[in-house]
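Visitor: The structure is given below, and queries will be raised subsequently.
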Amino acid sequence: QKEVEQNSGPLSVPEGAIASLNCTYSDRGSQSFFWYRQYSGKSPELIMFIYSNGDKEDGRFTAQLNKASQYVSLLIRDSQPSDSATYLCAVNGDNFNKFYFGSGTKLNVKP
Amino acid sequence: EPEVTQTPSHQVTQMGQEVILRCVPISNHLYFYWYRQILGQKVEFLVSFYNNEISEKSEIFDDQFSVERPDGSNFTLKIRSTKLEDSAMYFCASSEGVSGAPSYEQYFGPGTRLTVT
């Protein structure tokens, strides 16, 4: 059973702070890693993907991957109240066309 | 901006009935997916579809489920003999093909909420 683990939260941060979201995965064969944002009652929306060890930055978002530790994280700089949502970590399986999601971390950004 | 659409937005059915959930992927996309999310739980992969055949399926996707691309635009999920535990939000997603492989970006539709009574 391939597992993707996330702290369910809620993670509360003040507006303007850095939010740090973490995810671990069990399958060493996973090749690509994804962060989605899901607002309540809405569908997941892709924020970032990463497939190489290290950091990948896109605007206020930075994804970090450490395959040796089977760990992927998402940093959100200058957090805004509109960032309040559930953040889903997903990984693909041995075949790129199969995906496993974590349960998500609920982020609250307080004005 | 192109988007994935799904119909209906909400489907109520009685246990044992068959339902068909419909999706229209983004027009130039080649890879199609179905996911489900039981209320308050994680998103679960059901199946991926490419070149008119199933590419991968999860343990959830048993003989009760089938997918079809009946024409050039629609992608359907059929659930035969629905059970109470099939009640969930069902999401369709699609992605482009890049050099014979799916691109990393999957675009999700708004979902169909299935309620089995």
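The values are calculated or read from the model by the stated rules, or taken from the named source; none is laboratory data. What you see is a predicted model, and the numbers here were worked out from it, not measured in a lab. When we count neighbours, we look across all protein chains shown, and the Cβ atoms used for this are built from the backbone with ideal geometry, even at glycine. We work out accessible area using only protein heavy atoms, side chains counted, and drop any ligands, DNA or RNA first. Shrake-Rupley method; radii C 1.70, N 1.55, O 1.52, S 1.80 Å.
Visitor: Share of chain B's accessible area from carbon and sulfur, percent, 1.4 Å?
Guide: 46
Visitor: Students sometimes get this wrong: rank A:Arg37, B:Arg113 by accessible area, probe 1.4 Å, all chains present, largest first.
Guide: B:Arg113, A:Arg37
Visitor: Okay, moving on. Quick one: buried accessible area between B and A, total over both chains, 1.4 angstrom probe, nearest 100 Å²?
Guide: In total, chains B and A hide about 1800 Å² from solvent.
Visitor: How much FRET efficiency would the formula 1/(1 + (r/R0)^6) give for B:Asp62 and B:Val98, where r is the Cβ-Cβ distance and R0 is 25 Å, rounded to 0.05?
Guide: 0.20
Visitor: Here is a further query. Could you rank B:His10, B:His29 by how accessible they are, 1.4 Å probe, largest area first?
Guide: B:His10, B:His29
Visitor: Taking the Cα centre of chain A as origin and charging only Cβ (+1 Lys, Arg; -1 Asp, Glu), how large is the dipole, in debye to the nearest 20?
Guide: Charge dipole of chain A: 120 debye, to the nearest 20.
Visitor: Heavy-atom accessible area of A:Ile76 with all protein chains present, probe 1.4 Å, nearest 10 Å²?
Guide: 0
Visitor: Hey, another quick one. Is chain B rounded, prolate or oblate when judged by the Cα gyration tensor, a ≥ b ≥ c being the square roots of its eigenvalues, rounded requiring a/c under 1.5 and prolate requiring a/b larger than b/c?
Guide: Here chain B falls in the prolate category.
Visitor: Starting from the Kirkwood Rh over alpha-carbon pairs, what translational D in µm² s⁻¹ does the protein assembly as shown have by Stokes-Einstein at 4 °C and 1.567 mPa s?
Guide: Estimated diffusion coefficient is 71 µm²/s.
Visitor: What are the ³J(HN,Hα) values, in whole Hz, obtained from phi via the Karplus relation 6.51 cos²θ - 1.76 cosθ + 1.60 with θ = phi - 60°, for each residue of the range B:38-44 in sequence order, with x given for Gly and Pro?
Guide: 5, 3, x, 10, 6, 6, 10
Visitor: Between their Cα atoms, which of A:Lys2/B:Lys78; A:Lys67/B:Lys42; A:Lys42/A:Lys67; A:Lys2/A:Lys98; A:Lys56/B:Lys57 are more than 20 Å away from each other?
Guide: From the list (A:Lys2/B:Lys78; A:Lys67/B:Lys42; A:Lys42/A:Lys67; A:Lys2/A:Lys98; A:Lys56/B:Lys57), the Cα-Cα distance tops 20 Å for A:Lys2/B:Lys78; A:Lys67/B:Lys42; A:Lys42/A:Lys67; A:Lys56/B:Lys57.
Visitor: Follow-up question, since we're still on this one. Taking the Cα centre of the range B:15-86 as origin and charging only Cβ (+1 Lys, Arg; -1 Asp, Glu), how large is the dipole, in debye to the nearest 20?
Guide: 200
Visitor: Could you point to the residue in B:Val4, A:Ser82, A:Ser30 farthest towards the positive end of the protein assembly as shown's charge dipole, with +1 and -1 charges on the Cβ of Lys/Arg and Asp/Glu respectively?
Guide: Farthest towards the positive end: A:Ser82.
Visitor: Calculate the translational D of chain A in whole µm² s⁻¹ from Stokes-Einstein, where the hydrodynamic radius comes from the Kirkwood formula applied to all Cα pairs, the temperature is 37 °C and the viscosity 0.692 mPa s.
Guide: 236
Visitor: Let me ask another. How much area per residue is accessible in the protein assembly as shown when the probe is 1.4 Å and only protein heavy atoms are counted (Å²)?
Guide: Per-residue accessible area for the protein assembly as shown comes out at 48 Å².
Visitor: If DNA, RNA and ligands are ignored and the probe is 1.4 Å, what is the ranking of B:Tyr35, A:Tyr100, B:Tyr104 by accessible area, most exposed first?
Guide: B:Tyr104, A:Tyr100, B:Tyr35
Visitor: To continue, here is another question. How much solvent-accessible surface does A:Leu11 expose, in Å² to the nearest 10, with a 1.4 Å probe and all protein chains in place?
Guide: 50
Visitor: On the full set of protein chains, 1.4 Å probe, figure out the accessible area of B:Leu39 and give it in Å² to the nearest 10.
Guide: 140
Visitor: Under a straight-distance cross-link criterion of Cα-Cα below 20 Å, which aspartates and glutamates are reachable from A:Lys106, leaving out those fewer than 8 residues away in the same chain?
Guide: Excluding near neighbours in sequence, the set is A:Glu3, A:Glu5, A:Glu15, A:Glu45, A:Asp78, A:Asp83, B:Glu44.
Visitor: Moving to a separate point now. Kindly provide the GluC sites (Glu not before Pro) of the range B:22-117 that DSSP labels as loop, not H, G, I, E or B, and whose Cβ sees at most 16 other Cβ atoms within 10 Å.
Guide: Here the sparse-neighbourhood loop sites are B:Glu59, B:Glu96, B:Glu105.
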